[in-house]
Amino acid sequence: MLIVDDEMEVLKIVREVFELRGWEVVTTPTAGSVEPILEKERIDIVLLDIRLPDGSGLDLLKRIKVRFASVPVIIFTAFGYKDDIVNEAISLGASGYVSKGVSLTELIETVSNTLVGK
């Protein structure tokens, strides 16, 4: 799993939750490091924030879906509760959307269900 988020506390918590369940987790706070990670690592799913310090998560989503089409991407953000942002992400190929406000159990279920449906 790759988690892309510039909030260090979010990265830490989500990483720990998935690692405690046996997942291998890679994290990065920047859009610029995602494609090199996807080229080098075996990543089964990406949790992607919309707002990143060096670029738009939606622009990054487009690039991921072109270069790494088989890797599901779940938009994971506090920003973008607006339906148009969510709809745009889905139309660009996101497998789903999860608010940072959901319970960790819901996040785990969403990730697991996305991988089962892959």
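Values in this text are rule-based calculations from the coordinates and carry no lab data. Keep in mind that this is a model prediction, so the values were computed, not measured. Cβ sites come from the backbone with ideal geometry, for glycine too, and all protein chains shown count toward neighbours.
Quick notes on this one:
- Simple label model, 7 Å out from Cα along Cβ direction - Thr30 to Glu7, nm: 2.2 nm
- Note on Glu106 and Glu19: their simple-model spin labels are 2.6 nm apart, each label 7 Å out from Cα toward Cβ.
- Around the Cα centre of the chain, unit charges on the Cβ atoms of Lys, Arg, Asp and Glu (plus for the first two, minus for the last two) sum to a dipole of about 300 debye.
- Here Kirkwood radius over Cα pairs in Å was calculated from the structure, and among (i) 14.0; (ii) 15.0; (iii) 18.9 it sits at label (i).
- Gaussian network model of the chain, Cα within-10 Å springs - most flexible of Gly93, Gly32, Gly57: Gly32
- When DSSP beta bridges are restricted to pairs lying wholly in the chain, around 15% turn out antiparallel.
- Under 15 Å from Lys12, Cα to Cα: aspartates and glutamates that are on another chain or at least 8 residues apart: Glu24, Asp49
- Close lysine pairs were tallied over segment 28-106: pairs 8 or more places apart or on different chains with Cα atoms under 20 Å apart number 4.
- Sorting 17-24, 5-12 by their mean Cβ neighbour count within 10 Å, with the most densely packed peptide first, gives 5-12, 17-24.
- Springs between Cα atoms under 10 Å define the GNM used for the chain, and in it the highest mean-square fluctuation of Asp59, Asp49, Asp83 occurs at Asp83.
- Percentage relative contact order, the chain, counting C-alpha pairs under 8 Å, at least six apart: 23 percent
- Convex hull volume per residue for segment 17-64, taking Cα atoms only, in Å³: 77 Å³
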